[in-house]
Amino acid sequence: MDFAVISSTLGSILLDLVRVGTLCRFKSSSGLSSSWTASSPPRLRLRYVEPVGLLPVVPRFMTKRLFGTDGIRGAAGVWPLDVSTVTRIGAALVRSPEPGHRIRSVVVGRDTRESSEWIEHALAAGAAAEGAQVTSIGVAPTPVVAFLTASDGFDAGVAISASHNAFEDNGIKLFCTDGLKLDERGEAALTEVVFDTAWTTPTGGSGADVAPELLDGYLQYVRSILPEPTALGPMRLAVDCANGATAVVAPRLFDDLGFETIMTGCKPDGRNINDGCGSTHPERLAQLVDRRECRMGVAFDGDGDRAIFVDGHGRVVDGDQVLFVCAKHLQRGGRLRGGAVVATDMSNIGLKMGLQKLGIELIRCAVGDKYVMETLADRQLALGGEQSGHVIFPDVLTTGDGLVTTLMVLQAMAATGRELGDLAGELTMYPQVTVNVPVRKTTSLENVPDVAAVIAEVERRLVGQEGQLLVRYSGTEPLLRITLQGSDQGDIERWAEEIAEVVRRRLG
(Lines give C-alpha, C1' and ligand atoms only; values in the text may rest on other atoms or scores of the structure.)
Protein backbone atom coordinates (compact mmCIF):
# COMPACT_ATOMS: atom_id res chain seq x y z
CA MET A 1 0.00 0.00 0.00
CA ASP A 2 1.43 3.38 -1.01
CA PHE A 3 0.06 5.33 1.89
CA ALA A 4 -1.22 4.93 5.39
CA VAL A 5 -3.58 7.20 7.23
CA ILE A 6 -3.59 7.26 10.99
CA SER A 7 -6.11 9.53 12.63
CA SER A 8 -7.24 10.29 16.15
CA THR A 9 -10.06 12.55 17.28
CA LEU A 10 -9.27 12.49 20.99
CA GLY A 11 -7.83 15.91 21.71
CA SER A 12 -5.88 16.18 18.45
CA ILE A 13 -5.98 15.12 14.84
CA LEU A 14 -2.85 13.60 13.42
CA LEU A 15 -2.76 12.56 9.81
CA ASP A 16 0.39 10.73 8.81
CA LEU A 17 0.38 9.98 5.13
CA VAL A 18 3.28 7.93 3.92
CA ARG A 19 3.80 7.60 0.20
CA VAL A 20 7.08 6.50 -1.36
CA GLY A 21 9.05 7.95 1.50
CA THR A 22 7.02 11.14 1.85
CA LEU A 23 5.77 12.15 5.28
CA CYS A 24 3.42 15.03 5.99
CA ARG A 25 1.55 15.86 9.18
CA PHE A 26 -1.38 18.04 10.13
CA LYS A 27 -2.23 18.68 13.75
CA SER A 28 -5.30 20.24 15.30
CA SER A 29 -5.39 22.28 18.46
CA SER A 30 -8.75 20.77 19.37
CA GLY A 31 -10.66 17.57 18.78
CA LEU A 32 -13.13 17.02 15.96
CA SER A 33 -16.59 16.19 17.24
CA SER A 34 -18.20 13.18 15.61
CA SER A 35 -21.35 15.21 15.00
CA TRP A 36 -22.13 18.87 14.55
CA THR A 37 -24.99 21.08 13.53
CA ALA A 38 -25.37 23.81 10.96
CA SER A 39 -25.63 26.39 13.70
CA SER A 40 -22.42 25.28 15.40
CA PRO A 41 -19.94 23.84 12.89
CA PRO A 42 -16.54 22.71 14.14
CA ARG A 43 -13.99 25.50 14.37
CA LEU A 44 -10.56 23.97 14.16
CA ARG A 45 -7.30 25.85 14.08
CA LEU A 46 -4.98 23.62 12.13
CA ARG A 47 -1.36 24.25 11.49
CA TYR A 48 0.59 22.75 8.66
CA VAL A 49 3.72 20.80 9.53
CA GLU A 50 6.25 21.01 6.75
CA PRO A 51 6.44 18.01 4.39
CA VAL A 52 9.62 15.99 4.52
CA GLY A 53 11.20 14.84 1.29
CA LEU A 54 8.52 15.88 -1.19
CA LEU A 55 9.44 14.31 -4.51
CA PRO A 56 8.56 15.79 -7.91
CA VAL A 57 7.78 12.27 -9.08
CA VAL A 58 4.62 10.98 -10.74
CA PRO A 59 3.95 7.22 -10.90
CA ARG A 60 5.21 5.87 -14.22
CA PHE A 61 1.88 4.30 -15.15
CA MET A 62 0.09 7.66 -14.93
CA THR A 63 -0.63 9.53 -18.14
CA LYS A 64 -0.28 13.30 -18.38
CA ARG A 65 -3.85 13.94 -17.37
CA LEU A 66 -5.02 15.54 -14.17
CA PHE A 67 -8.40 17.00 -15.09
CA GLY A 68 -11.76 15.43 -15.84
CA THR A 69 -14.95 17.25 -16.79
CA ASP A 70 -15.14 18.95 -13.39
CA GLY A 71 -11.67 19.60 -12.07
CA ILE A 72 -9.39 16.99 -10.54
CA ARG A 73 -11.15 14.04 -8.97
CA GLY A 74 -10.36 10.59 -7.60
CA ALA A 75 -9.99 8.47 -4.49
CA ALA A 76 -8.66 10.49 -1.55
CA GLY A 77 -5.11 9.49 -0.65
CA VAL A 78 -4.39 8.00 -4.09
CA TRP A 79 -2.61 9.85 -6.90
CA PRO A 80 -3.35 12.61 -7.80
CA LEU A 81 -5.01 13.22 -4.44
CA ASP A 82 -2.11 12.06 -2.28
CA VAL A 83 -0.45 14.61 -0.02
CA SER A 84 2.68 15.25 -2.08
CA THR A 85 0.79 15.71 -5.35
CA VAL A 86 -1.88 17.93 -3.78
CA THR A 87 0.86 20.11 -2.27
CA ARG A 88 2.49 20.25 -5.68
CA ILE A 89 -0.81 21.22 -7.32
CA GLY A 90 -1.18 24.08 -4.85
CA ALA A 91 2.28 25.37 -5.69
CA ALA A 92 1.72 24.84 -9.42
CA LEU A 93 -1.48 26.89 -9.28
CA VAL A 94 0.58 29.88 -8.17
CA ARG A 95 3.44 29.16 -10.54
CA SER A 96 1.55 28.29 -13.76
CA PRO A 97 -0.11 31.54 -14.94
CA GLU A 98 1.34 33.48 -17.85
CA PRO A 99 3.86 36.27 -17.10
CA GLY A 100 2.10 39.32 -15.73
CA HIS A 101 -0.70 37.28 -14.17
CA ARG A 102 0.92 36.35 -10.89
CA ILE A 103 -1.28 34.56 -8.34
CA ARG A 104 -0.83 36.45 -5.07
CA SER A 105 -4.03 35.53 -3.23
CA VAL A 106 -6.11 32.34 -3.10
CA VAL A 107 -9.40 31.62 -1.34
CA VAL A 108 -10.18 28.00 -0.40
CA GLY A 109 -13.36 26.26 0.74
CA ARG A 110 -14.19 22.62 1.29
CA ASP A 111 -17.04 20.18 1.71
CA THR A 112 -17.62 17.87 4.69
CA ARG A 113 -15.70 14.74 3.63
CA GLU A 114 -13.23 13.44 6.19
CA SER A 115 -10.42 13.91 3.65
CA SER A 116 -11.30 17.48 2.68
CA GLU A 117 -9.49 19.06 5.62
CA TRP A 118 -6.09 17.53 5.01
CA ILE A 119 -6.39 18.07 1.25
CA GLU A 120 -7.16 21.74 1.86
CA HIS A 121 -4.18 22.15 4.15
CA ALA A 122 -1.78 20.34 1.82
CA LEU A 123 -2.86 22.50 -1.11
CA ALA A 124 -2.71 25.69 0.95
CA ALA A 125 0.80 24.84 2.12
CA GLY A 126 1.97 24.39 -1.46
CA ALA A 127 0.40 27.65 -2.61
CA ALA A 128 1.83 29.53 0.38
CA ALA A 129 5.29 28.06 -0.17
CA GLU A 130 5.19 29.42 -3.72
CA GLY A 131 4.40 32.87 -2.35
CA ALA A 132 0.60 33.22 -2.29
CA GLN A 133 -1.53 34.47 0.60
CA VAL A 134 -4.13 31.77 1.23
CA THR A 135 -7.48 32.37 2.96
CA SER A 136 -9.71 29.49 4.07
CA ILE A 137 -13.44 29.98 4.56
CA GLY A 138 -13.76 26.48 5.99
CA VAL A 139 -16.76 24.34 5.07
CA ALA A 140 -18.63 26.12 2.28
CA PRO A 141 -20.45 25.29 -0.97
CA THR A 142 -18.37 25.41 -4.14
CA PRO A 143 -20.33 28.37 -5.59
CA VAL A 144 -19.44 30.42 -2.52
CA VAL A 145 -15.78 30.01 -3.48
CA ALA A 146 -16.56 31.18 -7.02
CA PHE A 147 -18.49 34.18 -5.70
CA LEU A 148 -15.83 35.27 -3.22
CA THR A 149 -13.02 34.84 -5.74
CA ALA A 150 -14.65 37.46 -7.95
CA SER A 151 -16.31 39.70 -5.36
CA ASP A 152 -13.43 39.96 -2.91
CA GLY A 153 -10.64 40.31 -5.44
CA PHE A 154 -8.82 37.01 -4.99
CA ASP A 155 -6.53 35.94 -7.83
CA ALA A 156 -7.76 32.34 -7.67
CA GLY A 157 -10.25 30.15 -5.83
CA VAL A 158 -10.13 26.48 -4.89
CA ALA A 159 -13.03 24.26 -3.81
CA ILE A 160 -12.17 20.90 -2.25
CA SER A 161 -15.02 18.55 -3.12
CA ALA A 162 -16.07 15.53 -5.17
CA SER A 163 -19.59 16.92 -5.55
CA HIS A 164 -22.13 14.07 -5.64
CA ASN A 165 -19.58 11.25 -5.25
CA ALA A 166 -19.28 9.05 -2.16
CA PHE A 167 -17.10 10.15 0.77
CA GLU A 168 -14.12 8.01 -0.30
CA ASP A 169 -13.57 10.30 -3.30
CA ASN A 170 -12.54 13.91 -3.35
CA GLY A 171 -11.59 16.59 -5.83
CA ILE A 172 -10.12 20.00 -6.55
CA LYS A 173 -12.08 22.63 -8.48
CA LEU A 174 -10.21 25.74 -9.57
CA PHE A 175 -11.58 29.21 -10.27
CA CYS A 176 -9.98 32.21 -11.96
CA THR A 177 -10.16 35.73 -10.58
CA ASP A 178 -13.41 36.39 -12.49
CA GLY A 179 -15.11 33.46 -10.75
CA LEU A 180 -15.07 31.25 -13.84
CA LYS A 181 -13.72 27.72 -13.71
CA LEU A 182 -10.23 27.21 -15.07
CA ASP A 183 -10.50 26.65 -18.83
CA GLU A 184 -8.74 23.92 -20.81
CA ARG A 185 -5.79 26.17 -21.58
CA GLY A 186 -5.31 26.88 -17.89
CA GLU A 187 -5.69 23.19 -17.04
CA ALA A 188 -3.02 22.32 -19.60
CA ALA A 189 -0.63 24.94 -18.21
CA LEU A 190 -1.07 23.72 -14.65
CA THR A 191 -0.69 20.09 -15.73
CA GLU A 192 2.63 20.87 -17.43
CA VAL A 193 3.99 22.41 -14.25
CA VAL A 194 2.86 19.48 -12.10
CA PHE A 195 4.54 16.99 -14.45
CA ASP A 196 7.73 19.03 -14.84
CA THR A 197 10.33 16.78 -13.18
CA ALA A 198 12.93 19.58 -13.32
CA TRP A 199 10.88 21.56 -10.80
CA THR A 200 11.00 20.66 -7.12
CA THR A 201 7.91 21.35 -5.02
CA PRO A 202 8.68 24.21 -2.63
CA THR A 203 8.33 23.64 1.10
CA GLY A 204 7.96 25.85 4.13
CA GLY A 205 4.50 27.24 3.40
CA SER A 206 2.60 28.47 6.45
CA GLY A 207 -0.83 27.38 5.23
CA ALA A 208 -4.03 29.43 5.27
CA ASP A 209 -5.59 32.20 7.32
CA VAL A 210 -9.11 31.22 8.43
CA ALA A 211 -11.96 33.62 7.66
CA PRO A 212 -15.39 31.91 7.87
CA GLU A 213 -17.02 35.33 8.25
CA LEU A 214 -16.64 35.82 4.49
CA LEU A 215 -19.71 33.61 4.12
CA ASP A 216 -21.81 36.53 5.34
CA GLY A 217 -21.15 38.53 2.17
CA TYR A 218 -22.33 35.66 0.01
CA LEU A 219 -25.52 35.18 2.02
CA GLN A 220 -26.33 38.87 1.87
CA TYR A 221 -25.87 38.82 -1.90
CA VAL A 222 -28.07 35.80 -2.69
CA ARG A 223 -30.71 36.97 -0.23
CA SER A 224 -31.31 39.94 -2.56
CA ILE A 225 -32.59 37.59 -5.30
CA LEU A 226 -35.87 37.29 -3.41
CA PRO A 227 -36.42 40.77 -1.93
CA GLU A 228 -40.08 40.17 -1.03
CA PRO A 229 -40.45 36.55 0.15
CA THR A 230 -43.83 37.37 1.69
CA ALA A 231 -45.24 37.49 -1.86
CA LEU A 232 -45.12 33.69 -1.79
CA GLY A 233 -47.46 33.50 1.17
CA PRO A 234 -46.83 30.93 3.90
CA MET A 235 -43.97 28.70 2.74
CA ARG A 236 -43.22 25.34 4.27
CA LEU A 237 -40.10 24.12 2.50
CA ALA A 238 -38.33 20.76 2.83
CA VAL A 239 -34.56 20.99 2.37
CA ASP A 240 -32.06 18.13 2.00
CA CYS A 241 -28.45 19.31 2.38
CA ALA A 242 -26.94 15.88 1.57
CA ASN A 243 -24.88 16.08 4.78
CA GLY A 244 -22.69 18.37 2.73
CA ALA A 245 -21.50 21.93 2.47
CA THR A 246 -24.92 23.62 2.21
CA ALA A 247 -25.61 22.51 5.78
CA VAL A 248 -23.67 25.58 6.96
CA VAL A 249 -25.55 28.15 4.86
CA ALA A 250 -29.00 26.89 3.78
CA PRO A 251 -30.63 27.00 7.25
CA ARG A 252 -29.40 30.57 7.76
CA LEU A 253 -30.68 31.72 4.37
CA PHE A 254 -34.14 30.20 4.59
CA ASP A 255 -34.61 31.28 8.20
CA ASP A 256 -33.73 34.83 7.19
CA LEU A 257 -36.36 34.64 4.43
CA GLY A 258 -38.96 33.72 7.03
CA PHE A 259 -39.74 30.27 5.65
CA GLU A 260 -40.81 27.33 7.75
CA THR A 261 -38.09 24.86 6.81
CA ILE A 262 -38.00 21.14 7.42
CA MET A 263 -34.29 20.33 7.29
CA THR A 264 -32.68 16.96 6.67
CA GLY A 265 -29.18 15.88 5.73
CA CYS A 266 -27.65 18.54 8.00
CA LYS A 267 -25.54 16.36 10.30
CA PRO A 268 -22.34 15.55 8.39
CA ASP A 269 -19.89 13.20 10.08
CA GLY A 270 -17.24 13.06 7.36
CA ARG A 271 -18.58 9.87 5.81
CA ASN A 272 -22.32 10.34 5.29
CA ILE A 273 -22.12 12.97 2.54
CA ASN A 274 -24.51 12.01 -0.31
CA ASP A 275 -25.20 8.71 1.47
CA GLY A 276 -28.81 7.91 0.58
CA CYS A 277 -29.62 11.61 0.57
CA GLY A 278 -29.28 14.79 -1.47
CA SER A 279 -29.87 15.44 -5.15
CA THR A 280 -29.02 11.88 -6.23
CA HIS A 281 -31.70 10.45 -3.91
CA PRO A 282 -34.77 12.69 -4.32
CA GLU A 283 -37.08 9.86 -3.26
CA ARG A 284 -36.17 10.59 0.35
CA LEU A 285 -37.10 14.24 -0.09
CA ALA A 286 -40.37 13.28 -1.80
CA GLN A 287 -41.38 11.25 1.24
CA LEU A 288 -40.56 14.17 3.53
CA VAL A 289 -42.57 16.62 1.43
CA ASP A 290 -45.57 14.30 1.49
CA ARG A 291 -45.30 13.47 5.19
CA ARG A 292 -44.91 17.08 6.33
CA GLU A 293 -47.29 18.58 3.74
CA CYS A 294 -44.71 20.96 2.30
CA ARG A 295 -45.36 23.20 -0.70
CA MET A 296 -42.13 21.97 -2.27
CA GLY A 297 -38.73 20.53 -1.47
CA VAL A 298 -35.17 20.99 -2.69
CA ALA A 299 -32.21 18.62 -2.47
CA PHE A 300 -28.62 19.76 -2.92
CA ASP A 301 -25.55 17.69 -3.68
CA GLY A 302 -22.46 17.49 -1.48
CA ASP A 303 -20.91 20.76 -2.59
CA GLY A 304 -24.14 22.66 -3.27
CA ASP A 305 -23.67 23.47 -6.95
CA ARG A 306 -26.77 21.60 -8.05
CA ALA A 307 -30.37 21.28 -6.93
CA ILE A 308 -33.17 18.82 -7.67
CA PHE A 309 -36.72 19.73 -6.64
CA VAL A 310 -39.87 17.95 -5.51
CA ASP A 311 -43.26 19.60 -6.01
CA GLY A 312 -46.07 19.62 -3.46
CA HIS A 313 -47.37 16.29 -4.79
CA GLY A 314 -44.05 14.50 -4.32
CA ARG A 315 -43.08 14.55 -8.00
CA VAL A 316 -39.41 15.07 -8.86
CA VAL A 317 -38.58 18.17 -10.90
CA ASP A 318 -35.17 17.83 -12.58
CA GLY A 319 -32.77 20.32 -14.13
CA ASP A 320 -34.43 20.28 -17.56
CA GLN A 321 -37.79 21.18 -16.05
CA VAL A 322 -36.18 23.92 -13.96
CA LEU A 323 -34.58 25.34 -17.12
CA PHE A 324 -38.02 25.46 -18.75
CA VAL A 325 -39.65 27.14 -15.74
CA CYS A 326 -36.87 29.71 -15.40
CA ALA A 327 -36.62 30.36 -19.16
CA LYS A 328 -40.31 31.22 -19.29
CA HIS A 329 -39.96 33.39 -16.18
CA LEU A 330 -36.97 35.31 -17.54
CA GLN A 331 -38.61 35.69 -20.95
CA ARG A 332 -41.73 37.16 -19.37
CA GLY A 333 -39.60 39.72 -17.54
CA GLY A 334 -37.51 40.61 -20.58
CA ARG A 335 -34.38 39.11 -19.00
CA LEU A 336 -33.77 36.12 -21.29
CA ARG A 337 -30.89 37.71 -23.16
CA GLY A 338 -30.38 36.30 -26.66
CA GLY A 339 -33.68 34.42 -26.64
CA ALA A 340 -31.87 31.10 -26.13
CA VAL A 341 -31.04 28.57 -23.42
CA VAL A 342 -27.94 26.35 -23.18
CA ALA A 343 -28.26 22.67 -22.22
CA THR A 344 -26.05 19.62 -22.66
CA ASP A 345 -26.29 16.64 -24.98
CA MET A 346 -28.05 14.73 -22.18
CA SER A 347 -31.00 17.11 -22.03
CA ASN A 348 -34.45 15.70 -22.70
CA ILE A 349 -35.94 16.05 -26.17
CA GLY A 350 -39.03 17.48 -24.51
CA LEU A 351 -37.04 20.51 -23.33
CA LYS A 352 -36.17 21.47 -26.89
CA MET A 353 -39.77 21.11 -28.04
CA GLY A 354 -41.17 22.97 -25.04
CA LEU A 355 -38.81 25.89 -25.53
CA GLN A 356 -39.56 26.01 -29.26
CA LYS A 357 -43.23 26.59 -28.47
CA LEU A 358 -42.14 29.66 -26.50
CA GLY A 359 -39.97 30.89 -29.35
CA ILE A 360 -36.80 30.07 -27.41
CA GLU A 361 -33.84 28.35 -29.06
CA LEU A 362 -32.06 25.46 -27.32
CA ILE A 363 -28.30 25.40 -27.82
CA ARG A 364 -26.57 22.14 -26.90
CA CYS A 365 -23.03 21.73 -25.61
CA ALA A 366 -20.83 18.98 -24.18
CA VAL A 367 -21.71 17.48 -20.80
CA GLY A 368 -20.29 19.44 -17.87
CA ASP A 369 -21.32 22.72 -16.27
CA LYS A 370 -17.96 24.18 -17.28
CA TYR A 371 -18.96 23.80 -20.93
CA VAL A 372 -22.39 25.24 -20.23
CA MET A 373 -20.79 28.36 -18.77
CA GLU A 374 -18.31 28.67 -21.65
CA THR A 375 -21.18 28.53 -24.15
CA LEU A 376 -23.19 31.06 -22.16
CA ALA A 377 -20.22 33.42 -22.14
CA ASP A 378 -19.47 32.95 -25.85
CA ARG A 379 -23.10 33.59 -26.82
CA GLN A 380 -23.79 36.23 -24.15
CA LEU A 381 -26.84 34.32 -22.88
CA ALA A 382 -28.61 34.44 -19.52
CA LEU A 383 -29.57 30.83 -18.72
CA GLY A 384 -28.12 27.36 -19.08
CA GLY A 385 -27.78 24.11 -17.22
CA GLU A 386 -27.86 20.35 -16.99
CA GLN A 387 -30.54 17.79 -16.32
CA SER A 388 -28.58 16.76 -13.21
CA GLY A 389 -29.49 20.06 -11.55
CA HIS A 390 -26.59 22.34 -12.42
CA VAL A 391 -28.36 25.54 -13.48
CA ILE A 392 -26.39 28.70 -14.22
CA PHE A 393 -27.66 32.26 -14.18
CA PRO A 394 -24.54 34.15 -15.35
CA ASP A 395 -26.09 37.52 -14.51
CA VAL A 396 -26.17 36.31 -10.89
CA LEU A 397 -23.21 33.95 -10.50
CA THR A 398 -20.53 32.39 -12.71
CA THR A 399 -21.23 28.77 -11.81
CA GLY A 400 -24.09 26.50 -10.84
CA ASP A 401 -25.48 27.23 -7.36
CA GLY A 402 -28.26 25.19 -5.80
CA LEU A 403 -29.31 28.02 -3.49
CA VAL A 404 -29.44 30.57 -6.31
CA THR A 405 -31.48 28.12 -8.40
CA THR A 406 -33.90 27.63 -5.50
CA LEU A 407 -34.39 31.37 -5.12
CA MET A 408 -34.95 31.81 -8.87
CA VAL A 409 -37.60 29.05 -8.83
CA LEU A 410 -39.28 30.75 -5.86
CA GLN A 411 -39.06 34.04 -7.75
CA ALA A 412 -40.95 32.44 -10.66
CA MET A 413 -43.60 31.10 -8.28
CA ALA A 414 -44.02 34.52 -6.65
CA ALA A 415 -44.32 36.27 -10.02
CA THR A 416 -47.01 33.91 -11.32
CA GLY A 417 -48.81 32.99 -8.11
CA ARG A 418 -48.54 29.33 -9.16
CA GLU A 419 -47.03 26.25 -7.57
CA LEU A 420 -43.89 24.55 -8.88
CA GLY A 421 -45.81 21.47 -10.01
CA ASP A 422 -48.08 23.59 -12.21
CA LEU A 423 -45.17 25.47 -13.77
CA ALA A 424 -43.10 22.35 -14.45
CA GLY A 425 -46.16 20.43 -15.64
CA GLU A 426 -46.36 22.60 -18.76
CA LEU A 427 -43.33 20.74 -20.12
CA THR A 428 -43.93 17.32 -21.68
CA MET A 429 -40.90 15.13 -21.03
CA TYR A 430 -39.99 12.22 -23.30
CA PRO A 431 -39.38 8.79 -21.75
CA GLN A 432 -35.72 8.60 -20.79
CA VAL A 433 -33.44 6.10 -19.07
CA THR A 434 -29.80 6.27 -18.00
CA VAL A 435 -27.78 3.17 -17.11
CA ASN A 436 -24.36 3.59 -15.48
CA VAL A 437 -21.97 0.69 -16.06
CA PRO A 438 -18.73 0.43 -14.03
CA VAL A 439 -15.73 -0.07 -16.34
CA ARG A 440 -12.09 -1.01 -15.84
CA LYS A 441 -10.73 1.37 -18.46
CA THR A 442 -11.87 3.96 -21.00
CA THR A 443 -11.33 2.19 -24.31
CA SER A 444 -12.61 3.78 -27.51
CA LEU A 445 -15.93 2.04 -28.17
CA GLU A 446 -15.18 1.93 -31.89
CA ASN A 447 -12.36 -0.48 -31.02
CA VAL A 448 -14.69 -2.89 -29.21
CA PRO A 449 -16.65 -4.58 -32.04
CA ASP A 450 -19.36 -6.14 -29.86
CA VAL A 451 -20.16 -2.82 -28.19
CA ALA A 452 -20.04 -0.86 -31.44
CA ALA A 453 -22.39 -3.39 -33.05
CA VAL A 454 -25.08 -3.24 -30.36
CA ILE A 455 -24.94 0.58 -30.34
CA ALA A 456 -25.40 0.62 -34.11
CA GLU A 457 -28.37 -1.75 -33.81
CA VAL A 458 -30.10 0.43 -31.22
CA GLU A 459 -29.48 3.51 -33.36
CA ARG A 460 -31.14 1.68 -36.26
CA ARG A 461 -34.21 0.97 -34.12
CA LEU A 462 -34.49 4.67 -33.27
CA VAL A 463 -34.74 5.65 -36.93
CA GLY A 464 -38.23 6.86 -37.74
CA GLN A 465 -39.13 7.90 -34.21
CA GLU A 466 -38.17 10.91 -32.13
CA GLY A 467 -35.38 9.43 -30.06
CA GLN A 468 -31.80 9.90 -28.97
CA LEU A 469 -28.92 7.68 -27.84
CA LEU A 470 -25.89 9.02 -25.99
CA VAL A 471 -23.11 6.70 -24.82
CA ARG A 472 -20.23 8.40 -23.02
CA TYR A 473 -17.66 7.83 -20.34
CA SER A 474 -18.15 9.80 -17.14
CA GLY A 475 -15.63 12.56 -16.60
CA THR A 476 -15.74 12.15 -12.82
CA GLU A 477 -16.17 8.40 -12.15
CA PRO A 478 -15.08 5.07 -13.76
CA LEU A 479 -18.44 4.64 -15.46
CA LEU A 480 -19.89 4.38 -18.94
CA ARG A 481 -23.21 6.23 -19.09
CA ILE A 482 -25.87 4.98 -21.50
CA THR A 483 -28.73 7.45 -21.98
CA LEU A 484 -31.68 6.61 -24.21
CA GLN A 485 -34.76 8.67 -25.06
CA GLY A 486 -37.70 7.56 -27.15
CA SER A 487 -41.44 7.33 -27.43
CA ASP A 488 -41.83 4.07 -25.46
CA GLN A 489 -40.44 3.60 -21.94
CA GLY A 490 -40.35 -0.18 -22.19
CA ASP A 491 -38.41 -0.14 -25.45
CA ILE A 492 -35.72 2.24 -24.29
CA GLU A 493 -35.24 0.41 -20.98
CA ARG A 494 -34.79 -2.88 -22.83
CA TRP A 495 -32.44 -1.40 -25.43
CA ALA A 496 -30.32 0.39 -22.82
CA GLU A 497 -29.93 -2.87 -20.90
CA GLU A 498 -28.87 -4.67 -24.09
CA ILE A 499 -26.02 -2.19 -24.52
CA ALA A 500 -25.16 -2.32 -20.82
CA GLU A 501 -24.92 -6.12 -20.83
CA VAL A 502 -22.40 -6.13 -23.67
CA VAL A 503 -20.39 -3.35 -22.01
CA ARG A 504 -20.29 -5.29 -18.72
CA ARG A 505 -19.06 -8.37 -20.53
CA ARG A 506 -16.36 -6.59 -22.53
CA LEU A 507 -15.26 -3.67 -20.32
CA GLY A 508 -16.60 -4.33 -16.83
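From the list V106, V86, V94, exactly one residue is in a strand (DSSP E or B), within 21 Å of T203 (Cα to Cα) and in contact (Cβ under 8 Å) with a residue 24 or more places away in the chain. Which is it?
Unique residue meeting the criteria: V106.
Any chance you could count how many residues in region 321-376 are surrounded by fewer than 19 Cβ atoms within 10 Å (Cβ to Cβ), aliphatic (A, V, I, L, M) and out of contact with any Lys or Arg (no Cβ under 8 Å at 6 or more places or on another chain)?
Summing the residues that are surrounded by fewer than 19 Cβ atoms within 10 Å (Cβ to Cβ), aliphatic (A, V, I, L, M) and out of contact with any Lys or Arg (no Cβ under 8 Å at 6 or more places or on another chain) in region 321-376 gives 2.
Matching residues to (1) touching a residue at least 24 places away in the same chain (Cβ under 8 Å); (2) of a type in the set (D, E); (3) buried (at least 24 other Cβ atoms within 10 Å of the Cβ); (4) more than 18 Å from V248 (Cβ to Cβ):
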residue	(1), (2), (3), (4)
A122	yes, no, yes, yes
G126	yes, no, yes, yes
S136	yes, no, yes, no
A150	yes, no, no, yes
G157	yes, no, yes, no
S161	yes, no, yes, no
I172	yes, no, yes, yes
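Looking at L484, L423, L462 in this structure, which one is of a type outside the set (K, R), within 18 Å of G350 (Cα to Cα), surrounded by 21 or more Cβ atoms within 10 Å (Cβ to Cβ) and out of contact with any Pro (no Cβ under 9 Å at 6 or more places or on another chain)?
L423
For region 221-248, give me the residue count where each residue is farther than 24 Å from D301 by Cβ and surrounded by 18 or more Cβ atoms within 10 Å (Cβ to Cβ).
Result for region 221-248: 2.
Just one of (1) modelled with pLDDT under 95; (2) β-branched (V, I, T); (3) in contact with a helix residue (DSSP H, G or I) (Cβ under 8 Å, 6 or more places away or on another chain) trips up T442, so point out which.
If we test T442 against (1) modelled with pLDDT under 95; (2) β-branched (V, I, T); (3) in contact with a helix residue (DSSP H, G or I) (Cβ under 8 Å, 6 or more places away or on another chain), just (3) comes out false.
Please find, among T203, T197, T149, the residue that is under 17 Å from K370 (Cα atoms), in the same structural domain as A124 (by TED's automatic domain parsing) and either hydroxyl-bearing (S, T, Y) or in a loop (DSSP other than H, G, I, E, B) (or both).
T149
Can you tell me which residue in region 86-105 is farthest from E192 (Cα to Cα), limited to those that are hydrophobic (A, V, I, L, M, F, W, C) and in contact with an Asp or Glu (Cβ under 7 Å, 6 or more places away or on another chain)?
I103
Out of everything in region 374-392 that is of a type in the set (S, T, N, Q) and in a loop (DSSP other than H, G, I, E, B), what residue ends up being farthest from A146 (Cα to Cα)?
Among them, the one singled out is Q387.
The values are calculated or read from the model by the stated rules, or taken from the named source; none is laboratory data. These numbers come from a predicted model, not from an experiment. Every residue, glycine among them, receives a Cβ derived from its backbone with ideal geometry; neighbour counts consider all protein chains shown.
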